[in-house]
Amino acid sequence: MNGKIGRPTIFGLGMAIALTAIGSEAAQAAALPPSSSDFELTGLSATPVKGNSNTFDVTVTVTQTQADGSDFTPQVTEETHDFPGTVYFVVENGSVTEGPYSATLTTSPTPGITYPNLGPGPSAPQISASATYQLVLPSSVVLGGGDNLEIYPGSNRQYIFRMGPSSDNSWADDNVSGVGQVTIPYGQLPEVPWAAGIPAIGLGPAGLVWMWRLKSRVI
């Protein structure tokens, strides 16, 4: 009889220990402070590159909202965070997300944000800078009207948009916060921006001939 009672008791104790452990881990995770960033995405635009239906120049604008204290030492009067050489994007078409796809920095020299070490007291200034990246989507990505281009929104550090050197281990405050999404300018004709004027050019000689005939009749 004791053996029959002992097995459920041991099983119950095991479950209780497991649930206690899970509850402890959940409590620790909930107790972690939310990550904060000193950088916000304040601008995003995409322009088709002429002659390439799947190539875009993407310009991002980032604003630093406060000093990154981890970069300062007593002798440092300002800090600089450069734009990364690569930014990753995803393409969203309804409920389907494709990517991430890498875009390469084309702005030269490498732009960045230089922020002053004001110390305690003065209100933090808002300092912005922009950079342009060229994004070449694979030919397998079929674009359509209403598709969106978005900066990689996930948590994989390999793809996160982040300002500053990768050697800086204070990751959270250098990540660029904010949702960056723009409708892909699909269906434009960037390779022939003056296409609308072609019919007018064709009518030019015909108009001259008509004017000459009219003048001849009058004479």
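The values are calculated or read from the model by the stated rules, or taken from the named source; none is laboratory data. Worth saying up front: this structure is predicted, and the values here are computed from it rather than measured. Reconstructed Cβ throughout: ideal geometry from the backbone, glycine too, with neighbour counts over all protein chains shown. Surface accessibility is based on the protein's heavy atoms, side chains included, excluding ligands, DNA and RNA. Shrake-Rupley method; radii C 1.70, N 1.55, O 1.52, S 1.80 Å.
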**Message:** Criterion first (surrounded by 15 or more Cβ atoms within 10 Å (Cβ to Cβ), of a type in the set (Val, Ile, Thr) and over 20 Å from Pro48 (Cα atoms)) does Val176 satisfy it?
**Reply:** yes
**Request:** Select from the range 100-114 the residues that are assigned to a strand (DSSP E or B) and either in contact with a Ser or Thr (Cβ under 9 Å, 6 or more places away or on another chain) or modelled with pLDDT under 95 (or both) and list them in ascending order.
**Result:** Ser102, Ala103, Thr104, Leu105, Gly112, Ile113, Thr114
**Item:** Failed condition for Gly207, given (1) surrounded by fewer than 10 Cβ atoms within 10 Å (Cβ to Cβ); (2) modelled with pLDDT under 90
**Value:** (1)
**Asked** Name the residues in the range 146-162 that are more than 15 Å from Phe56 (Cα to Cα) and assigned to a loop (DSSP other than H, G, I, E, B), would you?
**Response** Gly146, Tyr152, Pro153, Gly154, Ser155, Asn156, Arg157, Gln158, Tyr159, Ile160, Phe161
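Per-residue answers, yes or no, for (1) closer than 30 Å to Gly99 by Cβ; (2) modelled with pLDDT of 60 or more; (3) more than 22 Å from the chain's Cα centre (by Cα); (4) open to solvent by 30 Å² or more (accessible area, probe 1.4 Å):
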| site | (1), (2), (3), (4) |
| --- | --- |
| Pro116 | no, yes, yes, yes |
| Gly119 | no, yes, yes, yes |
| Asn156 | yes, yes, no, yes |
| Asn169 | yes, yes, no, yes |
| Val192 | yes, no, yes, yes |
**Asked** How about the range 92-114: which of its residues are under 19 Å from Gly154 (Cβ atoms), among the small types (Gly, Ala, Ser) and open to solvent by less than 50 Å² (accessible area, probe 1.4 Å)?
**Response** Gly99, Ala103
**Item:** Filter pass, Val182 being within 19 Å of Phe56 (Cβ to Cβ) and at pLDDT 80 or above
**Value:** yes
**Item:** Check on Ala124, in contact (Cβ under 8 Å) with a residue 40 or more places away in the chain and in a strand (DSSP E or B)
**Value:** no
**Request:** Please find, within the range 76-91, the residue that is modelled with the lowest pLDDT out of those that are part of a strand (DSSP E or B), open to solvent by less than 40 Å² (accessible area, probe 1.4 Å) and under 18 Å from Leu41 (Cβ atoms).
**Result:** His81
**Prompt:** Taking the range 128-145 on its own, how many of its residues are within 22 Å of Gly43 (Cα to Cα), assigned to a loop (DSSP other than H, G, I, E, B) and open to solvent by 30 Å² or more (accessible area, probe 1.4 Å)?
**Reply:** 1
**Item:** Members of the range 41-75 that are of a type in the set (A, V, I, L, M, F, W, C) and at pLDDT below 90
**Value:** Ala67, Phe72
**Prompt:** Which residues, counting only those in the range 13-40, are open to solvent by 50 Å² or more (accessible area, probe 1.4 Å) and modelled with pLDDT of 50 or more?
**Reply:** Ser36, Glu40
